[in-house]
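The values are calculated or read from the model by the stated rules, or taken from the named source; none is laboratory data. All of these numbers come straight from a predicted model, not from anything done at the bench. Cβ: placed from backbone, ideal geometry, glycine included. Neighbour counts: every protein chain shown. Heads up: the accessible areas ignore ligands, DNA and RNA and are worked out on the full protein's heavy atoms, side chains in. Shrake-Rupley method; radii C 1.70, N 1.55, O 1.52, S 1.80 Å.
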Amino acid sequence: MELTANIKNYIDKSVLCWLATVSKDNMPNVSPKEIFNYYKTDSIIVANIASPQTVSNIKHNANVCISFIDVLVQKGFQIKGKAMIVKKTDLEFSDMETVLLKMTHGKFPFSSITKITIEQVKPIIAPKYLLYPETTEDSQIESAKKQYGLKIEK
């Protein structure tokens, strides 16, 4: 399954994503990730900065779910797929590292990368859009800014 321009746009606008994994004891784990991006046409990559539980879980069970939203528009995507841990010794590491280093500016060291190959995509949309069909993205942004105490520019 390929990443669409719309999915890439939401990745670009999202500050954090949440990566869900499962331990060998079948305990779920959700971990926020700051350094993530799309890679080629069918993958999302995440820098493993402080992620020992995530890495351990993926080694046991490759099934993952990653979610990200634009917090002001309150739309985004939930993506399910298979994850693998890419190490510095792997051929793809250098290309992936280049993508992620642009985001970290070298300030967050990482020695491995989680690569997620996409299998399922589901849009995330705030209930307000469904319950109140007259809701526009602009009105949702204004509402979110008020809720988060952000300055509203006109």
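Summed over the stretch 97-112, residues that are surrounded by 16 or more Cβ atoms within 10 Å (Cβ to Cβ) and either under 20 Å from residue 2 (Cβ atoms) or polar (S, T, N, Q) (or both) total 2. Tell me which residues, restricted to the stretch 17-34, are open to solvent by 60 Å² or more (accessible area, probe 1.4 Å) and in contact with a Ser or Thr (Cβ under 6 Å, 6 or more places away or on another chain). Within the stretch 17-34, just 18 meets the criteria. In this structure, residue 71 qualifies as modelled with pLDDT under 95 and among the hydrophobic types (A, V, I, L, M, F, W, C). Residues that are part of a loop (DSSP other than H, G, I, E, B) and open to solvent by 70 Å² or more (accessible area, probe 1.4 Å) within the stretch 5-16 comprise just one, 15. The set of residues from the stretch 35-77 being free of Cβ contacts under 8 Å to residues at least 60 places away in the same chain and of a type in the set (S, T, N, Q) comprises 41, 53, 56, 57, 61, 63, 67. Scanning the stretch 75-96 for residues that are closer than 18 Å to residue 51 by Cα, open to solvent by 50 Å² or more (accessible area, probe 1.4 Å) and more than 16 Å from the chain's Cα centre (by Cα) gives 87, 88. Scanning the stretch 17-35 for residues that are among the charged types (D, E, K, R) and in a loop (DSSP other than H, G, I, E, B), we see that the one that is nearest to residue 46 (Cα to Cα) is 34. Here the stretch 35-64 is the region considered, the condition is being at pLDDT 95 or above and closer than 15 Å to residue 3 by Cα, and the residue that is most open to solvent (accessible area, probe 1.4 Å) is 38.
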